[in-house]
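Below is one structure, written out as structure tokens; comments come after it.
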Amino acid sequence: MKTNKNTSESEVAQSLDLNSGSSTTLLPSLSTLELWNGMQYYYDMGLSMIWSRVETEIVNGIERTPKTPVGRWKAAQINRFTLKELSRIMHGSTVQIAPTIVCGQVSGNLEIIDVDVKHWIGIDVIYFSEIKSLYPELFKRLRIHQTSSGGFHILYRGIEPFNEGNRKLATQKEAKEAGIETRGQGGYALCPP
């Protein structure tokens, strides 16, 4: 597995659990053991996991961009990979990778709300304030991670399957990209180990 030894402190991604007040730092040059332990943490919670590229890779002459799955993505949406399969993919990777959660029924009806501040500066403060004001007890129970771009992922499971895929929930006027969108059935999100 390739690592990046020239990573500056400003390029460090943070995982922030807003409910506990604790934070951990994810350096792109994590060891194989740290990557594996991070992935297994989510796997042990019953989530379907895959690996995603952190950098561009050429596969059979085709450029694969960062944040794209490594391995059999279609299969991962239906069946949870075993730890042995995940280990084989991790050790066979020629580029830097990150643990990635597969959303939908395969992960127990998991949906993730992606709050993307790079597309709408300040949307995080507005959105979290509204949730906390309207649903304070729910807000305390949400699992929230900070993304490498400074946004947030809110993870939750539904009682019934979310049959819809990724949906744009909030977009600024004239903007092409959403400030808030879901990752549902057929979606995925990179996660901090």
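The values are calculated or read from the model by the stated rules, or taken from the named source; none is laboratory data. Source: prediction; values computed, not measured. Glycine gets a Cβ as well: all are built from the backbone with ideal geometry, and neighbour counts include every protein chain shown. Only protein heavy atoms, including side chains, enter the accessible area calculation; ligands, DNA and RNA are left aside. Shrake-Rupley method; radii C 1.70, N 1.55, O 1.52, S 1.80 Å.
With both labels modelled 7 Å from their Cα along Cα-to-Cβ, the E164 to R72 distance reads 3.1 nm. Here's the list of aspartates and glutamates a cross-link from K176 could span, going by alpha-carbon distance under 16 Å and ignoring same-chain residues fewer than 8 apart: D114, D116. The residues of the range 66-186 have, on average, 55 Å² of accessible surface per residue, using a 1.4 Å probe with all protein chains present.
Heavy-atom accessible surface of C191, to the nearest 10 Å², is about 10 Å², with a 1.4 Å probe and all protein chains retained. Using the Cβ-Cβ distance between Y156 and I126 with R0 = 25 Å, the FRET efficiency computed as 1/(1 + (r/R0)^6) comes to roughly 0.85. Between S31 and R88, the simple spin-label model (points 7 angstrom out along Cα→Cβ) gives 2.7 nm.
Which sequence of D44, D124 reflects their accessible areas, 1.4 Å probe, from the largest down?
Result, largest first: D44, D124.
Over 28 Å between C-alpha atoms is what I'm after, so list which of K74/K168; K84/K168; K67/K173 land there. Among K74/K168; K84/K168; K67/K173, the Cα-Cα distance tops 28 Å for K84/K168.
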